[in-house]
Amino acid sequence: MSATLALVILSWIAIVILYLALAAVLREVRMLRRRLDERAATAAPPAELVLPPSFVERIAEPGRERTVLVADAGCPLCRHAAAVLAEMATPDFRPVLLTYEPPERWSSLPDALELVQDRDAWSSLAHLSPPVLLTVGTDGTIGSLHLPSSERDIAGALAVTPSAPPMERSS
């Protein structure tokens, strides 16, 4: 047997093995998708997220939901989200910035945002990656939750946030 023939045979065997491996992976993906679809049809509703009463008392406005940005000062996207919220702020709409950090870390924050340092409220949301945009009801339940991953996502999340005023389109 020549070396060329052996190389061709080994190449075809490798191609067949890769094809079978891909087929097995696709089969597993289909089974997983089917299992997730079945679980979604029979699963219990997701648990409600509720913020601590101490935080809710600090941000409460009677009969109104509040828009809350959960942010970290070291996160550039968080700072961008804070700037966008500050631009949107009006006398009727004053968003809250929730952080675990001391206020000095947010010294460049516009006065249009209400800065709240609350480690307990932060801990209840610590499993989420900031920035997080929330709508918090008067009882502390979270009505809407958005996890933006880009500047475009922030604008989209604010556009559908019930307590936020309509965004002006910049050209």
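The values are calculated or read from the model by the stated rules, or taken from the named source; none is laboratory data. Remember, predicted model here, so these are calculated numbers, not experimental data. Cβ sites come from the backbone with ideal geometry, for glycine too, and all protein chains shown count toward neighbours. For accessibility, only protein heavy atoms count, side chains too; no ligands or nucleic acids. Shrake-Rupley method; radii C 1.70, N 1.55, O 1.52, S 1.80 Å.
Listed here are the residues, each with its yes/no results for (1) farther than 17 Å from L77 by Cα; (2) open to solvent by 70 Å² or more (accessible area, probe 1.4 Å); (3) assigned to a strand (DSSP E or B); (4) touching a Leu at 6+ places or on another chain (Cβ under 9 Å).
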site	(1), (2), (3), (4)
E101	no, no, no, no
D111	yes, yes, no, no
D120	yes, yes, no, yes
S123	yes, yes, no, no
H127	yes, yes, no, no
P130	no, no, no, yes
S144	yes, no, yes, yes
R152	no, yes, no, no
G156	no, no, no, no
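Entry remark, region 73-95: residues being at pLDDT 85 or above and over 9 Å from A112 (Cβ atoms) number 12 in total.
Scanning region 103-156 for residues that are at pLDDT 85 or above and closer than 18 Å to E65 by Cα returns L113, E114, L115, V116, A121, V132, L133, L134, T135, V136, H146. Quick one: would you say R30 is farther than 23 Å from G156 by Cβ and either in a helix (DSSP H, G or I) or open to solvent by 50 Å² or more (accessible area, probe 1.4 Å) (or both)? The answer is yes for R30.
Take V56 and decide whether it is of a type in the set (V, I, T), touching a Ser or Thr at 6+ places or on another chain (Cβ under 9 Å) and touching a residue at least 40 places away in the same chain (Cβ under 8 Å). Yes, satisfied. Does S11 count as among the polar types (S, T, N, Q), modelled with pLDDT under 95 and open to solvent by less than 80 Å² (accessible area, probe 1.4 Å)? So S11 fails the test. The residue that is nearest to P91 (Cα to Cα), among those in region 45-79 that are open to solvent by 30 Å² or more (accessible area, probe 1.4 Å), part of a helix (DSSP H, G or I) and not small (G, A, S), is R58.
Flag: T67 matches the condition of being modelled with pLDDT of 85 or more, among the β-branched types (V, I, T) and in contact with a helix residue (DSSP H, G or I) (Cβ under 8 Å, 6 or more places away or on another chain).
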